[in-house]
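Below is one structure, written out as structure tokens; comments come after it.
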Amino acid sequence: MSAGETYTDPATAKQYTMPRPQGDGSCASSNTNGTAVAFWADGTRTLVSYSTTGATAGVFLQGTVIDSMFLTPVNPADTPITLTTTRYGGNTANGGLVFEATPQDCASPTGVQAAGIEGAISLGSQN
């Protein structure tokens, strides 16, 4: 899944900015929310609006699959686009993730500037 990154449209090679997740917290606890995209091997995609709650390295994600997401172009001369969900529409998303900050970053006066998040989420029907 991708969130807050640059998306390149495979049809035009134009680049677009995905919305950046928002949140606050520390290495001890955190809360975030955002929109992510899963790109599948068959060319389909799933857009997920999510929130996370974390305690130390453990992070719980929950969300829902959404219909569409508006992307602004990197080049202001390009037209914005709307990505749509083409797989797993109407599903929910849940999963356990691991926040991968180093102890040195956690102890830094400036805090963690970047850290990986690993894990898996599952998509399921609301029925």
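Assess whether T86 counts as being modelled with pLDDT of 95 or more and within 18 Å of Y16 (Cα to Cα).
So T86 fails the test.
Only one residue in G111, G43, G89 is in contact (Cβ under 8 Å) with a residue 60 or more places away in the chain and part of a loop (DSSP other than H, G, I, E, B). Which one? First the steps, then the outcome.
Details: G43 fails: in contact (Cβ under 8 Å) with a residue 60 or more places away in the chain; G89 fails: in contact (Cβ under 8 Å) with a residue 60 or more places away in the chain.
So the residue among G111, G43, G89 that is in contact (Cβ under 8 Å) with a residue 60 or more places away in the chain and part of a loop (DSSP other than H, G, I, E, B) is G111.
Where the second residue is part of a strand (DSSP E or B) and of a type outside the set (G, A, S) and the first is without any contact (Cβ under 8 Å) to a residue 12 or more places away in the chain and under 16 Å from A57 (Cα atoms) and lies in the range 18-30, which pairs have Cβ atoms under 7 Å and are six or more apart or on separate chains?
Hits for this filter: D24/N31.
Can you spot a residue in the range 9-17 that is out of contact with any Asp or Glu (no Cβ under 6 Å at 6 or more places or on another chain), more than 23 Å from L123 (Cβ to Cβ) and among the acidic types (D, E)?
The answer is yes, given that some residue of the range 9-17 is out of contact with any Asp or Glu (no Cβ under 6 Å at 6 or more places or on another chain), more than 23 Å from L123 (Cβ to Cβ) and among the acidic types (D, E).
Of everything in the range 54-98, what is within 13 Å of A38 (Cα to Cα) and among the aliphatic types (A, V, I, L, M)? Give them in sequence order.
V65, I66, M69, L83, A93
Within the range 1-44, can you find the residues that are within 14 Å of the chain's Cα centre (by Cα), more than 17 Å from G116 (Cα to Cα) and buried (at least 18 other Cβ atoms within 10 Å of the Cβ)?
Answer for the range 1-44, where residues must be within 14 Å of the chain's Cα centre (by Cα), more than 17 Å from G116 (Cα to Cα) and buried (at least 18 other Cβ atoms within 10 Å of the Cβ): Y7, M18.
Can you tell me which residues in the range 93-118 are over 14 Å from the mean Cα position of the chain (by Cα), surrounded by fewer than 10 Cβ atoms within 10 Å (Cβ to Cβ) and under 28 Å from I66 (Cβ atoms)?
Passing the criteria: only A114.
The values are calculated or read from the model by the stated rules, or taken from the named source; none is laboratory data. Computed from a prediction, not measured in an experiment: that's the story for all the values here. Cβ: placed from backbone, ideal geometry, glycine included. Neighbour counts: every protein chain shown.
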